[in-house]
Amino acid sequence: MTGIFIVKQLGTAQSFESRKNPGQSVTCADAVLREMGSPDYADSFKVRLFGKNATNPPHVGDAIFAKLRFRTEEHDGKAYMDCTAEEITPVPTIY
């Protein structure tokens, strides 16, 4: 899913050791994005930011263009969904 979103909340960046590449660290942060022009919470997405998107994230209130990637997994009979924001680009503001 791609679209224009407003950053509503932004968590603190955290680093942890990579499972795929032991000895290397991965930086991530959580954020809440809402589709532009939508007042409804149903159009909000809790996403995870990685790498430079987590270390140099957009600010709360910024308009961004982003690609959201959804992934589901099943574990012990329960389904879990993960949402990652990729290809984040700031939307220029016109005053």
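Are any of the residues in segment 50-70 hydroxyl-bearing (S, T, Y) and surrounded by 14 or more Cβ atoms within 10 Å (Cβ to Cβ)? Working first, answer last.
We begin by selecting, within segment 50-70, every residue hydroxyl-bearing (S, T, Y); these are 55.
In the following step, the residues that additionally are surrounded by 14 or more Cβ atoms within 10 Å (Cβ to Cβ) were identified as none.
No.
For segment 25-44, state whether one or more residues are open to solvent by 70 Å² or more (accessible area, probe 1.4 Å), under 12 Å from the mean Cα position of the chain (by Cα) and at pLDDT 90 or above.
To start, the set of residues in segment 25-44 that are open to solvent by 70 Å² or more (accessible area, probe 1.4 Å) comprises 25, 36-37, 39-42.
Cutting the leftovers down to under 12 Å from the mean Cα position of the chain (by Cα) gives us none.
Within segment 25-44 (the criterion being open to solvent by 70 Å² or more (accessible area, probe 1.4 Å), under 12 Å from the mean Cα position of the chain (by Cα) and at pLDDT 90 or above), the answer is no, since none of the residues qualifies.
The values are calculated or read from the model by the stated rules, or taken from the named source; none is laboratory data. Everything numeric here is computed off the predicted structure, so don't read it as measured data. In this analysis, Cβ positions are derived from the backbone assuming ideal geometry, glycine residues included, and neighbour counts consider all displayed protein chains. Side chains are part of the model used for accessible areas, which takes the heavy atoms of the whole protein and leaves out ligands, DNA and RNA. Shrake-Rupley method; radii C 1.70, N 1.55, O 1.52, S 1.80 Å.
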